[in-house]
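The values are calculated or read from the model by the stated rules, or taken from the named source; none is laboratory data. What you see is a predicted model; the values in this text were computed from it and never measured. Glycine also receives a Cβ, built like all others from the backbone with ideal geometry; neighbour counts cover every protein chain displayed.
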């Protein structure tokens, strides 16, 4: 039985709203929010994958946090080696840190130099400004150096070694080299202690195996995605509001979605520069670490996608899973194993951080993306966003419901650890 949210359609409209316009409104609160919007838009325009977005945003926001915190001293540092001269401008430090990281990874991005000049023009010249710039540059340089050789490159691929039932197979659109981002499971996490070249840290977060093919749970979730996720599913099976979320979240990454949400909520609450720097750092650390853990789990279990499973339903040993040789998903299947869902892992991790920082509900969040013109979503709580994302992957035909549930649990667990053990308030080690 589907778990469609009956209120979701009330949150969906067909008004054209540009994401960057929405971002700019939220970003006027301070330069930390402003440069977060610039960082996100830069990565989207440069065609970065969702997992690369998460990693690069974590580097950027940690550099910003470290620069600002070196001046304010509000929280325990991340690096602990950045010193700021007396009277240095935290605004200048935040701008310089964000710009320096972005410029390092995207030297030809056309938006960075004009944005930097515009931001710096608003800060009075003098020793405070120059001291802030030096602090931001130092924080950025140290974060960039810290992440050299962190396992994110070179690209690696995975080819399945078996065609047995339940084993992941290449889907249409996969490169001949095999499953992508195979190296992502090796990335050094940002917020969880790890031993180099070891996956031991993942043991506390990775979910157990997916349901057995012969189980009732597998049959139930198989038949749900078969019914609602086929490109040929009609409006009685995939209502327009669920088709809308499937298309929207197919091109809207966890990083794009939850940084946008964070900027809006932070601006509405009037959070300080220092508070915003910390919140965005925690958000992006947790998102990135969750995606690393998710990729390890995917390539550990190597579980097949609905696209393969439904076409081969007569081979799984379950009398309740009839095959459909014509099944094709409503959106394109990503080229890596199914279990757990990356979007669920990264999004629920981000949502958990924001819930702990700002509270679960009572917010006013507008979600739009110019890549999907004509769609706008309005939310009052972070769980409403993750509910739509979970539906999006099932109604899109690319995940089982148990993929989403496992990813959500993984993401929340990683976020809880990151929040409790990183960037805690100075002189308040019990802050959780």
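Worth pointing out:
- Here the range 202-214 is the region considered, the condition is being exposed (fewer than 14 other Cβ atoms within 10 Å of the Cβ) and at pLDDT below 95, and the residue that is nearest to residue 297 (Cα to Cα) is 203.
- Test: residue in the range 126-133 that is part of a loop (DSSP other than H, G, I, E, B), within 29 Å of residue 333 (Cα to Cα) and more than 22 Å from the chain's Cα centre (by Cα): no
- Just one of the listed residues (349, 345, 338) is assigned to a loop (DSSP other than H, G, I, E, B), buried (at least 24 other Cβ atoms within 10 Å of the Cβ) and touching a helix residue (DSSP H, G or I) at 6+ places or on another chain (Cβ under 9 Å), namely 338.
- Test: residue 385 is under 15 Å from the mean Cα position of the chain (by Cα), crowded, with 20+ Cβ neighbours inside 10 Å, closer than 20 Å to residue 40 by Cα and touching a residue at least 24 places away in the same chain (Cβ under 8 Å): yes
- In the range 1-99, counting only helices (runs of 4 or more DSSP H) that sit wholly within it, the ones holding 1 or more residues that are at pLDDT 95 or above span 31-45, 50-72.
- Between 274, 252, 288, the distinction of being modelled with pLDDT of 95 or more and not in a helix (DSSP H, G or I) belongs to 252 only.
- Considering the conditions (1) closer than 18 Å to residue 343 by Cα; (2) free of Cβ contacts under 8 Å to residues at least 12 places away in the same chain, residue 234 is excluded by exactly one of them, (1).
- Residue check for residue 299: in a helix (DSSP H, G or I), modelled with pLDDT of 95 or more and touching a strand residue (DSSP E or B) at 6+ places or on another chain (Cβ under 7 Å): yes
- Any chance residue 416 is in contact with a strand residue (DSSP E or B) (Cβ under 8 Å, 6 or more places away or on another chain) and either surrounded by fewer than 24 Cβ atoms within 10 Å (Cβ to Cβ) or without any contact (Cβ under 8 Å) to a residue 40 or more places away in the chain (or both): no
- Some residue of the range 329-347 being under 17 Å from residue 263 (Cα atoms) and at pLDDT 95 or above: yes
- Test: residue in the range 215-222 that is at pLDDT 95 or above and in a loop (DSSP other than H, G, I, E, B): yes
- Of the residues examined, residue 137 is one that is surrounded by 15 or more Cβ atoms within 10 Å (Cβ to Cβ), farther than 23 Å from residue 291 by Cβ and either touching a strand residue (DSSP E or B) at 6+ places or on another chain (Cβ under 6 Å) or at pLDDT 95 or above (or both).
- Any hit, the range 182-201, residues being within 30 Å of residue 144 (Cβ to Cβ), in contact with a strand residue (DSSP E or B) (Cβ under 9 Å, 6 or more places away or on another chain) and surrounded by fewer than 22 Cβ atoms within 10 Å (Cβ to Cβ): yes
- Residues considered: 153, 119. Of these, the only one that is within 28 Å of the chain's Cα centre (by Cα) and closer than 20 Å to residue 189 by Cα is 153.
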